[in-house]
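Please read the structure below before turning to the comments.
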Amino acid sequence: MSARVVVTGLEFAYPDGRIALRGVDLTIEAGERVAVLGPNGAGKTTLALHLNGIHEPSSGAVAIDDMPVKDENLAEIRRRVGLVFQDSNDQLFMPNVGEDVAFGPANLGISGLDLEQRVTQALQAVGGGDLIARPSHHLSGGERRRAALATVLAMEPDVLVFDEPSSDLDGAGRRELVATLAPLEMTQLIITHDLPLALELCPRSVIMRQGRVVADGPTRELLMDADLLAENRLELPFGFRLETSPER
Amino acid sequence: MGAGHSHALYVHEHSPIHRLAPEAKIVAALGIVVSIAVTPRQAIWAFGLYAILVAGLVTLSRLSLGFVALRLLAIAPFVIFALFIPFIASGETTEVGGVSVSVEGLWGMWNVLAKATLGASVSVVLTATTEIPDIIRGLGVLRVPALFISIATFMVRYLELIVNELGRMRVAMSSRGYDPRWISQARPVASAAGALFVRSYERGERIHAAMLSRGFSGVMPTFGHRDVERREWAAIFVVIACAALTSAFAFLTT
Amino acid sequence: MSSMHAPDGFMSVGTAVATGAVSMGTVTMALRQAKYQLQDKLVPLAGITAAFIFAAQMFNFPVAAGTTGHLLGGALAAILLGPSVGAIVVTIVVVIQALAFADGGLTALGYNVLNMAVIPAYGGYAVFRLFRRWFPKTTGGVISAVGLAAWSSVVMSSVAFSIEWLFGATAPVAFDDVLFAMVGVHILIGIGEAVISALAVGAVLASRPDLVHGASDLDRRQLADTKVRTKTFVIGGILVALVFAAVVSQFAVDSPDGLERVAEDTGIISSASDHVLSNSLFADYATAGISNESLSLAVAGIIGTLVALSVAAGIFLAVRDKPVG
């Protein structure tokens, strides 16, 4: 249902030579919800793409519940780790939502009635039951988000990684997002610039900068450290006062 | 604006033809158009029959003739060329309204006009009664290679997105006063095209990552489709038979 | 005009079938090669590029004084993604335009795909590789080669169309009239294609040179050299222009001058002989009305062969391409 994520000494450089990760060590216990914060270019997305083997590190390793992320395990790793991308359009590539949600489980070998059930369940979990026959390019921003999440949930992952899940959502959309994510039991990693979201959803946060983890602790503590935030180009929204905001 | 291809030609209706499976419609369209194309041009009566058939299809699809006529404007350049043929063609001539025109040229003009118009009308009925993803799916059922189908599906899925991006770039350019008239001013247009390609390609790479993340290993999964009922195939067969017989008869009697 | 999709009935049934067979064969082979080259990246990359080409074709670019043209895109796609993927991409655009947008006759798909996808992609790529050999190994050299290749692809497309008319005309409009008109116009339209394609590739090379298949052999230093040696470009351009102008102009001249006179003098043609070639294969229509039939056919043979050779060369180069990554 939920898995432990262990990242050890991860290093990675892009083909053009640019070094994106300079030794990341991170352990996330099963069922934990951790926010990944940091300035642009810190390596957050690059890290996420290592968790399901899209990128291969130049050094270091990732393990999901003791299963190393390696070529021979990729099929199972990708079942266990679900990535929700920043641009939902990149994730909805089939002609309609139903087929998109079915894509993942179909690749796992699920078919027929089982497949149909998975699709309906996943869509219901995100409150998108009515989206099943809709063409992907005619959805609103919020609907796209929900559909994209459903495509990942349908694989029944143990770990969910979100890349900027609230970036194009309005207030109501954000509320719905929080409501959708809160009851989910799998381990969650949420990459975000939305500090209130991090506070609301994640008891623990990690700050990355220049390819390294520079801070790791309870979200509230990190966000109250003004110097730490400034160092890492993070800023609380204007007028946001930590003492009075509720923590989930 | 350009050729206006991205305007969906689909007309939302609930006609018997709309309800037909796409593979059946594609087969029917091909059957009819091929019959028309092989019909000798002298058999003018045959083309009259085809016209009736096409008119019947248009009515059955709850389309208006005006709509079809409008869509037929796409073949206008070729129609215009056809109209010129009698004047530029060689061979025996005759007088029409005091002007000397080629007899063979007149027949040639008739041939192009009749076949192009009828053929295009059939295409319009097909596209107006079938949504694009369904057309592609129908091709897949008809054994067009799966890769071809997948690539076409992706193309259609992302077409609107890319057209919009291109449109935004043009708006941005024209709002900065750019109004290219000469090819020598084409640099920004071309740069925009290049930038759009890079963006598109990078999106393609991200989509690939998303596909891999959901277990893709190179073969697209296929999802079930509604089987074409017997009576649907029967109807298609009847229609094609009518066209084919007309064509055969025309062939044999000229 | 080069992106105009011919309707049904424009060419004879035989032409439609023959070109259909050639197209289907080439495209099937291209698909296999494309899959080998890109593996599981083929579907998303080809799909998105097809959408890009489709979108790019929709917008007019200025040619001169308010008139506009459309991008054909075959050479561009082949140079950016490799000839096999390029051919597939443009083929899919043409086929879907016919089937889903009612643009182009269903029975005309054979020659529409051949003229607007197969020939520009493979033929254009072959010309590209040829000029890459002669031009300096720099961005400037690549861009020049792209321009010439794109222009050639458009002209080749029109030549192919004309030769198909020679075999499969459905009306007695003389072949040389069609050739002159079609190729003449496309020599001009090709300029637009050349400029847009060359500049577009230049733009891509500036930000992501690794995306240009046709420039994958350039290192960083070579990529930085964007100077287009005018002399090279002009020489190359004149060369190609001369070839086509010389060929096309012969049909415009009625009196037996120049090439024709030489042919007569050397005995290649004799005004009294029965033209063995003329009546058998070629549509009587297309050869009717030509003042000197065997010369026209000979020239048609030459330029047709040139186009066919280019396409064959492109296919040969495609098959030798190694998979990327």
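Readers should treat all values here as calculations from the given coordinates under stated rules, not as data from a laboratory. On a predicted model such as this, the values are computed, not experimentally measured, just so you know. Cβ coordinates were reconstructed from backbone atoms using ideal geometry, including for glycine residues, and neighbour counts include every protein chain displayed.
For chain A, what does -39500 (n - 2.57) per DSSP helix run (n ≥ 4), summed and divided by total residues, give at 222 nm, in deg cm²/dmol to the nearest 500?
The per-residue figure over chain A is -9500 deg cm²/dmol.
Counts of other chain beta carbons within 10 angstrom of each beta carbon in peptide C:195-208 average 6. The length gained on full extension between residue A:182 and residue A:8, counted as 0.36 nm times the residue separation minus their Cα-Cα distance, comes to 59.8 nm. Placing +1 on the Cβ of every Lys and Arg and -1 on the Cβ of every Asp and Glu, with no other charges, gives chain B a dipole of roughly 760 debye about its Cα centre. What angle do you read, to the nearest 10 degrees and between 0 and 90, between the alpha-carbon axis of helix B:132-141 and the longest principal axis of chain B? So the helix axis and the longest Cα principal axis differ by about 80 degrees.
Ranking A:151, A:182, B:122 by how far each Cα lies toward the positive end of the dipole of the protein assembly as shown (charges on Cβ) leaves A:182 at the top.
Inter-chain neighbour count for C:32-38: the average number of beta-carbon atoms from partner chains within 10 Å of each residue's beta-carbon is 1.
Shielding by partners for C:170-179, please: the mean number of other protein chain Cβ atoms within 10 Å of each residue's Cβ. Working shown, then result.
Values: counts 9, 20, 13, 12, 3, 0, 0, 3, 1, 0.
For peptide C:170-179, the averaged partner shielding equals 6.
In this structure, the amide hydrogen of residue A:34, modeled 1.01 Å from its nitrogen in the peptide plane, lies closer than 5 angstrom to those of A:188, A:189, A:190, counting only residues at least 5 positions away or on a different chain.
For the cross-link pairs A:70/C:35; A:44/C:137; A:70/C:41; B:25/B:115; B:25/C:41, the ones whose C-alpha atoms lie over 30 Å apart are A:44/C:137; B:25/C:41.
Taking amide H positions as placed 1.01 Å from N in the peptide plane, with prolines and chain starts having none, which residues 5 or more places from residue C:208, or on another chain, fall under 5 Å of its amide H? HN-HN under 5 Å from residue C:208: empty list.
Based on a Kirkwood Rh over C-alpha pairs, give the Stokes-Einstein translational diffusion coefficient of the stretch A:99-248 at 10 °C and viscosity 1.306 mPa s in µm²/s. Don't jump to the answer; show the numbers that get you there.
Working: Rh = 17.0 Å.
Rounded, D is 93 µm²/s.
What would the Debye equation give as log₁₀ I(q)/I(0) for the protein assembly as shown at q = 0.10 Å⁻¹, counting only Cα atoms as equal point scatterers? Debye curve over Cα of the protein assembly as shown, log10 I(q)/I(0) at q = 0.10 Å⁻¹: -1.11.
Compare A:158, A:130, A:25 in a GNM of chain A, Cα atoms joined below 10 Å, and give the one with the largest fluctuation. In this elastic network of chain A, the residue with the biggest mean-square fluctuation among A:158, A:130, A:25 is A:130. Collect residues whose amide H, placed 1.01 Å from N in the peptide plane, falls under 5 Å from the amide H of residue A:23; neighbours closer than 5 in sequence don't count. The answer is A:10, A:11, A:12.
Within chain A, DSSP assigns beta bridges of which about 55% are antiparallel (rounded to the nearest 5). Distance from the C-alpha centroid of the stretch B:122-171 to that of the stretch A:57-86: 34 Å, rounded to the whole angstrom. The antiparallel fraction among DSSP beta bridges confined to the protein assembly as shown stands at about 65%.
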